[in-house]
Amino acid sequence: MKDAINKIKMLSVHKKVQLLTAAILTISVFTAIPVYAWFSNQHKAAEMYKVAYPNSLYINAAHREDRMYFGLDAVDVNDYVRGEDGIPVKDTNGNMIPITEKKYVFTVSGSNADKFILQVAHTNNNLFNYKIYEAKQYDYLEGEAPEGADSDKIVPAGTSDVNVIEYKTNPGGYTENPLVFASDPVNKTSEETKYYVIGNMINGKYLNNENNNKQIGADNLAANNDKYYTENYGENTNTEAHAVPSYWQAELSANPDANKQFCKYFVLRVTWNTTEQDANKKKETDMIYFSVLRTQ
């Protein structure tokens, strides 16, 4: 090492400059290699990003509000139709009219999806029937819209009252869904009223009903001998028939906008047979789950 140093000292100034330049270029070559590799990796990552877009799906209450506002906490099958004053309405024979259905609005929204599967899983303790309908949101009832309001935001003339669901928004209820829609903004400062008009029934199907029916009832419970039952209970056959979950599914088009986002409104309609309910004295809790899966 000393000999090498002594030889360098004995070199002329010109030779020393050449040697130093060569050393600097050598170091630059070694440092440039990892820098080039880093840019190469970044380029590949960018290409992968273009192929596999990030996507998100959300299930919320009406107007994309938090799930707690869905309101599926209780269904009173013994209640009666009531007027705005809260007093039960009577038919032409003077009898109170029993309620036989409840309707709930919910939202499926997301990004970078063209199609998705909507699944509903539920137990059958209370012999309820479940159907899901498309729904469209409006801001005003006919005759109540301000002058100059967009006609697309007004409930169409002639729409039956039974097909309109009124919903009061909750300004503090937008913490779960970050999507922003310029055509359907949220108001986090004051309450608004939205109107949802029920459209066509979703043409889904049950995967594991005994009779492969689109409705669930006392005579059409979930099968207890198929793959879905086995996945849940294995070889256990000691199960109560009404507690075995039924699975309903439908594949739907998302119809995303120019920003590759979509927001679709639906109505869950829960109905029941009053005669069955009178006979079913022991009221139980039913579990119902909603899930979505992007398919395209």
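The values are calculated or read from the model by the stated rules, or taken from the named source; none is laboratory data. Remember, it's a predicted structure, so these values are computed and weren't measured experimentally. As a convention, Cβ positions derive from the backbone with ideal geometry for all residues, glycine included, and neighbour counts pool all protein chains shown. We work out accessible area using only protein heavy atoms, side chains counted, and drop any ligands, DNA or RNA first. Shrake-Rupley method; radii C 1.70, N 1.55, O 1.52, S 1.80 Å.
A few comments on the model shown:
- Note on the stretch 132-142: residues that are crowded, with 18+ Cβ neighbours inside 10 Å and either of a type in the set (D, E, K, R) or closer than 19 Å to A279 by Cβ (or both) total 1.
- Checking every residue in the stretch 276-292 against the condition of being within 18 Å of N203 (Cα to Cα) and of a type in the set (K, R) gives zero matches.
- Unmet requirement for E142, which otherwise passes all of (1) more than 29 Å from N209 (Cα to Cα); (2) within 28 Å of the chain's Cα centre (by Cα); (3) free of Cβ contacts under 8 Å to residues at least 40 places away in the same chain: (2)
- Picking from residues in the stretch 238-264 that are of a type in the set (G, A, S) and within 17 Å of Y58 (Cα to Cα), the one that is surrounded by the fewest Cβ atoms within 10 Å (Cβ to Cβ) is S253.
- Yes/no for P171 being within 15 Å of R64 (Cβ to Cβ) and open to solvent by 70 Å² or more (accessible area, probe 1.4 Å): no
Residues are listed down the side, and each one gets a yes or a no for (1) modelled with pLDDT of 90 or more; (2) farther than 21 Å from V120 by Cα; (3) not assigned by TED's automatic domain parsing to the domain that holds Y133:
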| site | (1), (2), (3) |
| --- | --- |
| H242 | no, no, no |
| L252 | yes, no, no |
| A258 | yes, yes, no |
| F266 | yes, no, no |
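- Test: V267 is part of a strand (DSSP E or B), open to solvent by less than 40 Å² (accessible area, probe 1.4 Å), out of contact with any Ser or Thr (no Cβ under 6 Å at 6 or more places or on another chain) and over 30 Å from P98 (Cα atoms): no
Conditions (1) open to solvent by 40 Å² or more (accessible area, probe 1.4 Å); (2) within 21 Å of the chain's Cα centre (by Cα); (3) at pLDDT 50 or above; (4) of a type in the set (K, R), marked per residue:
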residue	(1), (2), (3), (4)
I33	yes, no, no, no
F39	yes, no, no, no
A52	yes, yes, no, no
S56	no, yes, yes, no
D66	no, yes, yes, no
G71	no, yes, yes, no
V77	no, no, yes, no
G83	no, no, yes, no
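Residues are listed down the side, and each one gets a yes or a no for (1) of a type outside the set (A, V, I, L, M); (2) assigned to a strand (DSSP E or B); (3) more than 18 Å from the chain's Cα centre (by Cα):
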{"residue": "G158", "(1), (2), (3)": "yes, no, yes"}
{"residue": "G173", "(1), (2), (3)": "yes, no, no"}
{"residue": "S183", "(1), (2), (3)": "yes, no, yes"}
{"residue": "E191", "(1), (2), (3)": "yes, no, yes"}
{"residue": "Y196", "(1), (2), (3)": "yes, yes, no"}
